[in-house]
Structure formats: C-alpha cells, structure tokens
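Engineer: Have a look at this one before I ask anything.
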Amino acid sequence: MENCIFCKIIKGDIPSPRLYEDDKMIVIKDIEPKAKLHYLCIPKTHFALLSEMDSEKAETLKHCFAKIAQLEETLGLQDGYRVIVNQGENGGQTVHHLHIHLLGGEKLGDF
Ligand code: 5GP
Ligand code: ZN
C-alpha cells in the first residue's frame, strides 16, 4: 500500500536488514528498541487490524506465530520474550500495517 512504511520495507524501497524472510513475512529489528532485543514480525499482506482478518489473513498470522516459535533460538529469545500486537488509537499503534513485536534478551518489567 502506498505511503505505508512497512510495505516500503517489504518491497525493498526502504532498506532494512531482514533477520528472516519468506513468502508471507519478514523479521526486522525495531528502529527504536524498547528492550535489549526488539524485533518486528511483519506479514507481507497489508492490513492494519485484527478485526480485518479473514481466513487467508488468519492463515498468514498462523504461519507468523509458528515461524516465530521456530526462530526463538536464532533470534536469542530462548529464555522468554513478550509478544505485543498494538491495535488502533488506544493500543498505541503508530504504523497501520499489522505487525508483531517481539521483546526479549533481558528480564522485562511488569506492564
Ligand atoms: P506500533 O507503535 O505501530 O505498534 O509499532 C511500530 C514500530 O515500528 C515502532 O516500535 C517503531 O519504532 C517501528 N518503526 C517505525 N518505523 C520504522 C522503520 O523505518 N524501521 C524499523 N525497523 N522500525 C520502524
Ligand atoms: Zn503496509
């Protein structure tokens, strides 16, 4: 989608090293890390909210979560991590292309 920063990263218009990529998703480092390790898992399909999900998007998200589990050690998350999907205004979502935050590499505070 035009003017979507994550679509531009996925297309390669904005360079961002990928820690993992396949036909459905990429994993990159967050540009402003909120923990020692902070990754973004970004589905290649553009949609903003879980409420937009249909069966195809659900399959994509299922793939993302299954792959995240496989990548734990590679990403240094084997001691545990936090998964966050911010939604909309109250959720503090700033990029309106659904993405999964992975935070770890240290003991995280309560929230
Ligand atoms: P949200 O607030 O929408 O849940 O998360 C958006 C995240 O994307 C933020 O943590 C922000 O630091 C990250 N971000 C925004 N622009 C870029 C970028 O150009 N590159 C990378 N790697 N991360 C970005
Ligand atoms: Zn997008």
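Engineer: Please state the relative contact order of the stretch 1-93 as a whole percent: Cα pairs under 8 Å, 6+ residues apart? Show your work: numbers first, answer last.
Structural biologist: Details: 71 pairs, mean separation 16.9, N = 93.
It comes to 18 percent, rounded to a whole number.
Engineer: Another question about this same structure. Write out the cysteines belonging to the chain for which the nearest other cysteine Cβ is not under 4.7 Å, or none if no such cysteine exists.
Structural biologist: Result for the chain is Cys41, Cys64, no neighbouring Cys Cβ within the cutoff.
Engineer: Top mean-square fluctuation among Thr60, Thr74, Thr45, Gaussian network model of the chain, C-alpha springs under 10 Å?
Structural biologist: Fluctuation is largest for Thr74.
Engineer: Based on the Cβ-Cβ distance from Ala66 to Arg18, what FRET efficiency comes out when R0 is 22 Å, to the nearest 0.05? Don't jump to the answer; show the numbers that get you there.
Structural biologist: Values: r = 18 Å, r/R0 = 0.82.
Step by step, r from the Cβ atoms, then E = 0.75.
Engineer: Taking Lys8 as the anchor, which aspartates and glutamates have their alpha carbon closer than 19 Å to its alpha carbon, excluding any fewer than eight residues away along the same chain?
Structural biologist: Cα-Cα hits under 19 Å: Glu21, Asp22, Asp23, Asp30, Glu32.
Engineer: Could you give the angle, 0 to 90 degrees to the nearest 10, between helix 55-75's Cα long axis and the longest principal axis of the Cα atoms of the chain?
Structural biologist: 30
Engineer: Tell me the net charge near Gln93. Cut-off is 15 Å between Cβ atoms, Gln93 excluded, with +1 for each Lys or Arg and -1 for each Asp or Glu. Working shown, then result.
Structural biologist: On the way: positive: Lys34; negative: Asp30, Glu32, Glu52, Glu89.
Residues near Gln93 contribute -3 overall.
Engineer: Okay, moving on. I need the peptides 24-37, 94-107 ranked by packing, meaning the mean over residues of other C-beta atoms within 10 angstrom, with the highest value on top. Mind showing how you got there, number by number?
Structural biologist: Working: 24-37: 15.1, 94-107: 17.4.
With the highest mean Cβ count within 10 Å placed first, the list reads 94-107, 24-37.
Engineer: Between the stretch 60-111 and the stretch 1-49, how many Å separate their Cα centres?
Structural biologist: 12
No lab work stands behind these numbers, since they all come straight from the coordinates. Quantities reported herein were computed from a predicted structural model and do not represent experimental measurements. All Cβ positions, even for glycine, are placed from backbone atoms using ideal geometry, and neighbour counts span all protein chains on display.
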